[in-house]
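The values are calculated or read from the model by the stated rules, or taken from the named source; none is laboratory data. Since the model is a prediction, treat every value here as computed from it, not as a measurement. Glycine gets a Cβ as well: all are built from the backbone with ideal geometry, and neighbour counts include every protein chain shown.
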Amino acid sequence: MEITLEQIDLLRKRANVSYKEAKEALEKCGGNIVEALAFLEEENKIKPEKECSGPSSCWQKTKNIIRKLNRIGLVISHEERTILNIPSTIAVVLVVFALPLSVALLILALFTGCKIRFHNSNGEEYGINKNIEDISNKVTKITNKVAEEIKNS
């Protein structure tokens, strides 16, 4: 049976081996890709896939992460009025480049009773919103308690 370049390429990508190793495995297994994969596995020649096998692979993974983040929105609202609605990509960039300002704004939002929510492009909310709401409720209780203490003194 004739071994084609397409078979070698497929085996090479699946097993993460060299052209020579893929060709030899296919020749030993009569061109059967599944048997060649099993053969390479028995010989311990299958290499684990690298996280980023090259600049284009890393760039592709980065683009995929950005696409996913763009589908997640960060909404800050106060008394049913939206104050901020941005993609989470922008929120991440702001946190990275302006961490102190981001933390201060987050604390300010919590202490002023703002709601912080994450939602997808369909408007569905994420499970983390429950945790954020719990934290917000605790901060509100503390704020009310401190305000009451100041009022009574």
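Data overview
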read-out: Selection status of ILE76, among the aliphatic types (A, V, I, L, M), within 30 Å of VAL17 (Cβ to Cβ) and not in a helix (DSSP H, G or I); value: no
read-out: Any hit, the stretch 15-34, residues being within 29 Å of the chain's Cα centre (by Cα) and part of a helix (DSSP H, G or I); value: yes
read-out: Residue list for the stretch 109-133, filter: among the acidic types (Asp, Glu) and free of Cβ contacts under 8 Å to residues at least 12 places away in the same chain; value: GLU124, GLU125
read-out: Unmet requirement for GLU79, which otherwise passes all of (1) touching a His at 6+ places or on another chain (Cβ under 8 Å); (2) at positive phi; value: (1)
read-out: Some residue of the stretch 127-144 being more than 30 Å from LEU11 (Cβ to Cβ), part of a helix (DSSP H, G or I) and of a type in the set (Gly, Ala, Ser); value: yes
read-out: Top-ranked residue in the stretch 71-93 [being among the charged types (D, E, K, R) and loosely packed, with under 13 Cβ neighbours inside 10 Å; ranked as nearest to VAL139 (Cα to Cα)]; value: GLU79
read-out: Per-region count, the stretch 94-122, residues surrounded by fewer than 10 Cβ atoms within 10 Å (Cβ to Cβ) and more than 17 Å from LEU69 (Cβ to Cβ); value: 1
read-out: Output for the stretch 1-37, where each listed residue is at pLDDT 90 or above, surrounded by fewer than 14 Cβ atoms within 10 Å (Cβ to Cβ), more than 30 Å from LYS63 (Cβ to Cβ) and among the aliphatic types (A, V, I, L, M); value: VAL34
read-out: Residue tally, condition within 18 Å of ILE107 (Cα to Cα) and either of a type in the set (Asp, Glu) or in contact with a Cys (Cβ under 8 Å, 6 or more places away or on another chain) (or both), over the stretch 76-90; value: 5
read-out: Residues that are modelled with pLDDT under 85 and more than 30 Å from VAL92 (Cβ to Cβ), drawn from the stretch 38-63; value: LYS47
read-out: Hey, LYS68 surrounded by 11 or more Cβ atoms within 10 Å (Cβ to Cβ) and either assigned to a helix (DSSP H, G or I) or in contact with a Ser or Thr (Cβ under 9 Å, 6 or more places away or on another chain) (or both) or not; value: yes
read-out: Tabulated pairs, the stretch 84-100, first touching a residue at least 24 places away in the same chain (Cβ under 8 Å), second in a helix (DSSP H, G or I) and exposed (fewer than 14 other Cβ atoms within 10 Å of the Cβ), C-beta under 8 angstrom, 6+ apart or interchain; value: SER88/ASN70
read-out: Residue among ALA147, ALA104 that is over 30 Å from LYS13 (Cβ atoms) and at pLDDT below 90; value: ALA147
